[in-house]
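Notes to accompany the following structure.
The values are calculated or read from the model by the stated rules, or taken from the named source; none is laboratory data. Because the structure is a prediction, the values reported are computed rather than measured. Cβ coordinates were reconstructed from backbone atoms using ideal geometry, including for glycine residues, and neighbour counts include every protein chain displayed. These accessible areas exclude ligands, DNA and RNA; they are computed on the full protein's heavy atoms, side chains included. Shrake-Rupley method; radii C 1.70, N 1.55, O 1.52, S 1.80 Å.
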Amino acid sequence: MLAFAAAAAAADEPPAPDRARGPAEIRDGQLLAQPRLTLPALAPDTLAPGRFELRLSTLWSNSFSWTQDVAGETPAKRSFLIDGESAIVELALRRGLARNVDAGLRLVLHGRGGGVLDGFIDAWHDLTNTPNGDRPSFLRDGFRVEGRTTSGQPFSWNDAPGWGLGGLELESRWRVVDGAGREPSVALVGRVLLPTGTGPYAGGGFGGAGQAAVDVPLGRRTDLFTGMGVTAQDPSPVRGVEYEPVRLHGYAAFEWRVARPLSLVVETNAASRLVANIDQYPGLHWLVNIGGRLDLGAQTRLDAFITENILSQQTTTDFALYVAISVRP
């Protein structure tokens, strides 16, 4: 019976290069977002019953933002300075439960520190003529997460770099509308985050999320993906930083299948306020991911993306590199 259902599902799929790959599921790698549940852009596709997918990915992010009276290391007044690099190494497993339902789990290893990307990013900003935030005025490749809260109390994560496990995330996806690659498809996604973080990443608390994901085929080689969601998580302070308990997330992505094995994807992702008590910390979180998804065979896919914050300079990752390999045996 399962074999028949899987064969029927495969028969409904359009042939390559018509079949959409969708956006890569890239999370927020900004330093302050590490303890929190965030939502990625995603396609509404589900795995056929009995099939599974294993994905190993790495997101290497550089965060840099500040509000103080003058640029540099010796201001008279500093509301906040967020400067450092983070790494997210992710192992994700999904399995099809029914024709339009699958479930999965996500295990994450977090790291953070001063890093090595500052010089490269300075050169990148010069090359692309994009704002550099006076980055050359600050210590190169340093790690600082510090400032004052809205009540005037100092906070600092400067003594908490290093590696540790993040919260274990459970996910279920239900495709409520299956357009079979020719009409719009819609899925509902639920997530639960368990407070299993260790080391510097302990204390994030329980979290949950609901998300709607939509795929709208535009042509034989192009699709538009969009969606919205909401996260809710324990707002308990993490090393002096208080978080908003509820956040809204939204995304839009455009995919162009330029060749049989390759898709180019441009995606923008926005979210509402992350932190509640850092002095003068802005609310909008908005970034752009640009990259490609390459099928290495019938069962293996390679993803490679870069992240840039075009307008939301203060609250999102300044620059990031994402690489993933996924296998569907």
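Structure notes:
- As computed over the range 80-138, the Cα convex hull volume per residue (Å³): 169 Å³
- Note on L109 and A160: with the Förster distance fixed at 22 Å, the Cβ-Cβ geometry gives a FRET efficiency of about 0.90.
- Per-residue ³J(HN,Hα) for the range 262-276, Karplus 6.51 cos²θ - 1.76 cosθ + 1.60, θ = phi - 60°, Hz, x for Gly and Pro: 10, 10, 9, 10, 10, 9, 10, 9, 10, 8, 7, 3, 8, 9, 10
- The H on the amide N of L37, modeled in the peptide plane, is under 5 Å from the matching H of no residue at least 5 residues off or on a different chain.
- Highest-fluctuation residue, T315, T46, T130 considered, GNM on the chain with Cα pairs under 10 Å: T130
- Extension gain, D69 to S172, is 32.4 nm, computed as 0.36 nm per intervening residue step minus the present C-alpha separation.
- Tilt relative to the chain, helix 2-12 - C-alpha long axis, 0 to 90 degrees, to 10: 80 degrees
- Accessible surface, the chain, averaged per residue in Å² (probe 1.4 Å): 43 Å²
- Ligands, DNA and RNA left out, the accessible area of the chain computed with a 1.4 Å probe is 64% carbon and sulfur.
- Crossing angle, helix 118-128 versus the chain [Cα axis fit, 0-90 degrees, rounded to tens]: 70 degrees
- Each Cα pair under 8 Å and six or more residues apart adds its sequence gap; the mean of these over the residue count of the range 81-151 is a relative contact order of 40 percent.
- Treating r as the C-beta distance of D18 and D134 and R0 as 45 Å, the FRET efficiency rounds to 0.40.
- Dipole axis of the chain (+1 Lys, Arg; -1 Asp, Glu on Cβ), positive-most option in F319, G207, G162: G207
- Average projected area [Cα convex hull, the range 187-329], square nanometres: 10.3 nm²
- Under the Debye formula (equal points on every Cα, no solvent term), log10 I(q)/I(0) of the chain at q = 0.09, 0.12, 0.13, 0.15 Å⁻¹: -0.48, -0.82, -0.96, -1.23
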